[in-house]
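Some notes on the structure that comes next.
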Amino acid sequence: MGGLSDVAGRIGGYVPGWLDRATVVQSAFVGIAAVLGSYAVAGFTPAFVVAPVESFLVVWMPGIVIRYAITVLGDLGKDLNLLTAVGLAAGGFAVVTFTVLTLIRRSGDAPPEADSAITAAVPLVTGGAVLATAFALTGGVGSSLGAGIAAGVVSGAAEIGVGTGRRDTDRSSRRRILQSGGALALGGAVAGVLGSRGGLASNAAIERNPNVTQPADVMERSEVTDGVENRLAEASDKSLDVEGMEPLVSEKFYRTDINNTVPTPSAVDWELSITGAVQFEQSYDFENLGSFDPQHRFMSLRCVGESRNGDKMDNAIWTGVPIGPLLNEANPRGDFVMVHAVDGYSVGFPLEALEGSFLAYGMNGERLPRKHGYPVRLLVPGHWGEVNAKWIEEIEIQNEEEKGYWEKKGWQGTGPVNTVAKIKAENRVDGRIQVGGQAYAGTRGVSEVQVSIDGGEWQDATLSDPLPGQDVWRQWKYEFDDDGADHEVVARAIENDGDVQPDEETGSFPSGASGWVSRTV
């Protein structure tokens, strides 16, 4: 406990003398415990007490701050936003706890024999206050109970054998800190294990109803299973044998969302509405989607916020249904669309972009993972990743264009994706240098990749055979003699119509990175 005492002492050193330092440190521990208790029950879901705080930051954070976080900090920016939300949530619970403890410890001239009753009330009152605060934040009973119980246990542990603190000594103050800190450490370990596994309530949102068709039911059909396996086998056969390069079907698909928490909509209750400027408003549940013959499509996605040679571009085989027949039943009367998702995300773009779009409920032969949009996500061929909304729940047809979440922050990523040839692998093979990567041009397709060494003439690289589909990347590789010196390798892609990838370099903000990729090997 010595280390914990030292930490507590350092924390107390920042507390003004007119405050009771033991109460401040104990309250801080309780605030942290409340966050951990909620995490143990809810995991990283919207019911987690940190989620509404993070969502508030996401909505109200100035665009210039978000731009800096994406273009300079990358994923670290999102992690910092989460840590800020965690700190604010824990701090809020600490303030509530400090207020309660201060009122109790200044409860008047109660006789000493009343200490035991007041001590017994501390965990109940503090736990109840934290529970009420958590419920006000999330509206979730389970998550709030987790926060309240954890807060009550840690605050109660501080009182064991000490009393109310109305007659605190230095020794009793240290004992409060050590006992509450010990309870926090023990509870934190348990909460970390439970939360990392999705939380105690992780399966509540995806409970099965045997009377309702669900993604898993469709994905288990023999014709679906066979169709996906055949496509995966084709992708494996066509992948180039280059060490260190991702296969044609990505082994780990990138993820970019406005929130760190993952929504938990249920396929049983899921519904997609087509509203707004339509002749007939429509509503579809998963039973309706399951009645259509499923299709399997290779489609690649690229994030508008990534660098030219970044890691946020991947490819998968998606299972789902075309969106065209659903739109036709609604008979749209507007020229624009605003897509709304369960997590509060929205994106607006011209209606014509939905031609050939897809509602996916399967990914690489499995039910669509929750972090990638379970139960249903939108896929719009040839457009930046931000248009491909996850957890989709409404398609609103509009007469005038409206800005979505990212456009309100200054981004302009609703248009077609930029062409790129990335350099992702470097190997020595039989005395030669081998380089390789992926090339992608959206629905325009890639017909060639060319490589220049040290500013020399452009040479044709070897391309992987194209996978079926109109919006799929290709792999490339190129080898040259290894003379032991450093060489500057530049790659560029040529689209199916002969257009050459532009060489002018731009950053990712506001419309996506462009320009040739170079690498010293």
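The values are calculated or read from the model by the stated rules, or taken from the named source; none is laboratory data. From a predicted model like this one, the values you see are computed outputs, not experimental measurements. All Cβ positions, even for glycine, are placed from backbone atoms using ideal geometry, and neighbour counts span all protein chains on display. SASA here: full protein model, heavy atoms, side chains in, ligands and nucleic acids out. Shrake-Rupley method; radii C 1.70, N 1.55, O 1.52, S 1.80 Å.
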Study note, to complete from the structure: Reported set for region 262-282 where residues are of a type in the set (Val, Ile, Thr) and either in a loop (DSSP other than H, G, I, E, B) or surrounded by fewer than 18 Cβ atoms within 10 Å (Cβ to Cβ) (or both) is 262, 264, 268, 275
**Study point:** Criterion violated by residue 485 - all others in (1) open to solvent by 50 Å² or more (accessible area, probe 1.4 Å); (2) assigned to a loop (DSSP other than H, G, I, E, B) satisfied
**Key:** (1)
Check your understanding: Of all residues in region 388-419, which are closer than 26 Å to residue 269 by Cβ, hydrophobic (A, V, I, L, M, F, W, C) and touching a helix residue (DSSP H, G or I) at 6+ places or on another chain (Cβ under 7 Å)?
Key -> 397
Review point. Of the residues that sit in region 422-433 and are touching a strand residue (DSSP E or B) at 6+ places or on another chain (Cβ under 6 Å) and open to solvent by 10 Å² or more (accessible area, probe 1.4 Å), which one is nearest to residue 381 (Cα to Cα)?
Key: 424
Point to revise | Identity of the residue in region 301-356, over 30 Å from residue 225 (Cα atoms) and of a type in the set (Phe, Trp, Tyr), that ends up least open to solvent (accessible area, probe 1.4 Å) | key: 349
Point to revise | Leading residue by the ranking (most open to solvent (accessible area, probe 1.4 Å)) among those in region 58-87 that are touching a Leu at 6+ places or on another chain (Cβ under 8 Å) and of a type outside the set (S, T, N, Q) | key: 80
Practice item. Return the pairs, sorted by first residue and then second, in which the second residue is among the acidic types (Asp, Glu), the first residue lies in region 301-319 and is more than 9 Å from residue 420 (Cβ to Cβ), the beta carbons are less than 6 Å apart, and the residues are 6+ apart or on different chains. Key: 304/386; 312/306
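Among the listed residues 399, 418, identify the single one that is touching a residue at least 40 places away in the same chain (Cβ under 8 Å), under 30 Å from residue 244 (Cβ atoms) and more than 17 Å from the chain's Cα centre (by Cα). Explain how you work it out, then say what you get.
Working: 399 fails: under 30 Å from residue 244 (Cβ atoms).
Result of the check over 399, 418: 418.
Restricting to region 359-374, count the residues that are over 15 Å from the mean Cα position of the chain (by Cα) and over 20 Å from residue 222 (Cα atoms).
Going through region 359-374, the residues over 15 Å from the mean Cα position of the chain (by Cα) turn out to be 359-367.
If we keep only those that are over 20 Å from residue 222 (Cα atoms) as well, we get 359.
So the answer is 1.
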Study note, to complete from the structure: Cβ pairs under 6 Å, 6+ apart or interchain, first in region 493-507 and in contact (Cβ under 8 Å) with a residue 60 or more places away in the chain, second open to solvent by 50 Å² or more (accessible area, probe 1.4 Å), ordered by first then second residue, are 495/444
Check your understanding: Before we move on, is residue 28 open to solvent by 10 Å² or more (accessible area, probe 1.4 Å), small (Gly, Ala, Ser), closer than 20 Å to residue 185 by Cβ and modelled with pLDDT of 90 or more?
Key -> yes
